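The values are calculated or read from the model by the stated rules, or taken from the named source; none is laboratory data. Keep in mind it's a predicted model, so treat the numbers as computed, not measured. In this analysis, Cβ positions are derived from the backbone assuming ideal geometry, glycine residues included, and neighbour counts consider all displayed protein chains.
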């Protein structure tokens, strides 16, 4: 494995759950296999390159909270060679709170099944209106290399693909997490994919509920 873009294609059992979203507050549950995740990543990557002119090294602020879409956006950025950042970006993606001042601003409602905003988000492109129509297959013309920048976050500094892979030990477990920081989600995602594991996000849960869900999912809680 040489770059972060190699993580998803290397999944050995693509039909098994890879990303699970379990919202205890709303009752919503989404389970994405590696195959389904790869389809979302291909569509999002196509949007970034073909519609938004994102190039290798472009800074993309992933302002989504912990959610299955956050993980899709991380993988999509790495697929096209973009750098995941928290500020000073050319492209910004936000959740329903609609925060961002980038030249290109997109937003996700985080409604079930990736649904649209009930009202068009002023000043933002609704991701649900532009992602589904993108191609199901993405082949980068200029793929990232091990030395391509991958993240530039306050908690990590600037790391290229090789460094992020090297500092995220493979973890074969099914990992249960509550919503957390972007840096934590980067590490969890890379480690799980490197080890052949998966990620379960449990929102709206206290410690007891998280432990119960983790037991049901045969997952191990990660702080």
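Per-structure values
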read-out	value
Any pair with Cβ under 8 angstrom, 6 or more apart, that starts in segment 200-221 at a residue that is on the phi > 0 side of the Ramachandran plot and in contact (Cβ under 8 Å) with a residue 12 or more places away in the chain and ends at one that is in a strand (DSSP E or B) and surrounded by 14 or more Cβ atoms within 10 Å (Cβ to Cβ)	204/23; 218/174
Check on residue 189, over 20 Å from residue 86 (Cα atoms), touching a helix residue (DSSP H, G or I) at 6+ places or on another chain (Cβ under 8 Å) and either touching a residue at least 60 places away in the same chain (Cβ under 8 Å) or part of a strand (DSSP E or B) (or both)	no
Any hit, segment 40-51, residues being without any contact (Cβ under 8 Å) to a residue 12 or more places away in the chain, over 15 Å from the mean Cα position of the chain (by Cα) and farther than 26 Å from residue 173 by Cβ	no
Leading residue by the ranking (nearest to the chain's Cα centre (by Cα)) among those in segment 99-111 that are surrounded by 15 or more Cβ atoms within 10 Å (Cβ to Cβ) and more than 23 Å from residue 55 (Cα to Cα)	110
Residue 125 touching a residue at least 24 places away in the same chain (Cβ under 8 Å) and closer than 19 Å to residue 53 by Cα	no
Yes/no for residue 179 being at pLDDT 95 or above, over 20 Å from residue 38 (Cα atoms) and within 15 Å of the chain's Cα centre (by Cα)	yes
Leading residue by the ranking (surrounded by the most Cβ atoms within 10 Å (Cβ to Cβ)) among those in segment 152-183 that are without any contact (Cβ under 8 Å) to a residue 12 or more places away in the chain and either part of a helix (DSSP H, G or I) or on the phi > 0 side of the Ramachandran plot (or both)	166
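Let's see how each residue does on (1) without any contact (Cβ under 8 Å) to a residue 24 or more places away in the chain; (2) farther than 24 Å from residue 7 by Cα; (3) surrounded by fewer than 17 Cβ atoms within 10 Å (Cβ to Cβ):
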residue: 71; (1), (2), (3): no, no, no
residue: 85; (1), (2), (3): no, no, no
residue: 88; (1), (2), (3): no, yes, yes
residue: 118; (1), (2), (3): yes, yes, yes
residue: 130; (1), (2), (3): no, yes, yes
residue: 135; (1), (2), (3): no, no, yes
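Residue by residue, here is whether (1) at pLDDT below 95; (2) more than 14 Å from the chain's Cα centre (by Cα); (3) assigned to a strand (DSSP E or B) holds:
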| position | (1), (2), (3) |
| --- | --- |
| 78 | no, no, no |
| 84 | no, no, yes |
| 87 | no, yes, no |
| 92 | no, no, yes |
| 96 | no, yes, no |
| 113 | yes, yes, no |
| 128 | no, yes, no |
| 132 | no, yes, no |
